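What follows is a short report on a single structure.
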Amino acid sequence: MAVVEAGRGRTRWGLVLPFVALPVLVLGFLVLVLFMWAWSDENGDDRSGAAAGVPCAEALAFGGAARPAGAEARECTVQRGIDTAYSAVLRMPRADVRGWLRTTYPDAPAPRTGSGDCGALCLDVTHEDGLPGTARAHVVQVRVEHVNAETALVRFSAFTM
């Protein structure tokens with residue numbers, strides 16, 4: 001008659017496996033939770049790239065500017081993604097545009113006129129050439145179009161790079 005030994009054929013993996021599997025499962029769960037959190041919009045910071053309306057004072061302040069006296073501000077937006085871009089459209093007296101630009105960006109180069117996509121007047125400002133230290137943007141672009149003899153449409157953009 002053959003005698004069967006009770007412990008023969010068994011390995012120590014039966015004891016070690018639960019101690020190895022538990023940390024692997026916990027780590028996998030944490031990675032999954034972190035991935036889901038990173039791709040959700042629940043944290044309140046919309047990085048979808050869609051433009052959202054913002055107060056015009058916020059859009060202008062991002063570029064170190066303030067709303068000029070006598071200007072009607074509208075269509076102010078922010079777009080967040082890898083970079084942040086604010087834009088504002090101002091309707092203001094034509095006669096006040098150059099003075100507002102000179103006051104807002106005193107160290108910037110002189111505005112350009114009538115070249116290509118410039119419209120009536122253009123100004124591009126960076127930290128290297130006149131953007132004030134209060135600006136959080138890296139670049140500010142201002143494009144001015146004349147609506148009529150008294151009114152100008154100012155398109156203001158401030159963005160990071």
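Within 14 Å, Cβ to Cβ, of residue 138, how many net charges do the neighbouring residues add up to if Lys/Arg are +1 and Asp/Glu are -1?
-3
Determine, for each peptide in 71-83, 27-39, the mean count of other beta carbons within 10 angstrom over its residues, then list the peptides with the highest first.
71-83, 27-39
If we sort 15-26, 119-130, 103-114 on the protection proxy, mean other Cβ atoms within 10 Å, highest first, what's the order?
Those peptides, ordered most packed to least, come out 119-130, 103-114, 15-26.
Mind jotting down the distance between the C-alpha centroids of the stretch 58-78 and the stretch 86-149, whole Å?
After rounding, the separation between the Cα centres reads 12 Å.
Per residue of the stretch 151-161, what does 6.51 cos²θ - 1.76 cosθ + 1.60 with θ = phi - 60° give for ³J(HN,Hα)? Whole Hz please, x for Gly and Pro, Karplus curve as stated.
My calculation for the stretch 151-161 gives 10, 10, 9, 10, 9, 10, 10, 9, 8, 9, 10 Hz in order.
How far, in nm, would the chain grow between residue 33 and residue 52 when pulled straight, counting 0.36 nm per residue and subtracting the alpha carbon separation?
That pair, residue 33 and residue 52, stretches by 4.0 nm at full extension.
Tell me, what ³J(HN,Hα) does each residue in the stretch 18-32 have, in order and in whole Hz, if you take phi through Karplus 6.51 cos²θ - 1.76 cosθ + 1.60 with θ = phi - 60° and put x for Gly and Pro?
For the stretch 18-32, the Karplus-derived couplings read x, 6, 8, 5, 4, x, 5, 5, 5, 4, x, 5, 5, 5, 4 Hz, x marking Gly and Pro.
Stretched out fully, how many nm does the piece from residue 128 to residue 91 gain, at 0.36 nm a residue minus the Cα gap?
10.5 nm
What part of the accessible area of the stretch 92-142, given as a whole %, is carbon or sulfur when the probe is 1.4 angstrom?
49 percent
Pull out the extension gain between residue 25 and residue 160, defined as 0.36 nm times the separation in residues minus the alpha carbon to alpha carbon distance; nm, one decimal.
Full extension from residue 25 to residue 160 adds 44.5 nm.
The values are calculated or read from the model by the stated rules, or taken from the named source; none is laboratory data. As the structure is a prediction and not an experimental result, all values here were calculated from the model. Reconstructed Cβ throughout: ideal geometry from the backbone, glycine too, with neighbour counts over all protein chains shown. Keep in mind that these areas ignore ligands, DNA and RNA; they rest on the heavy atoms of the full protein, side chains included. Shrake-Rupley method; radii C 1.70, N 1.55, O 1.52, S 1.80 Å.
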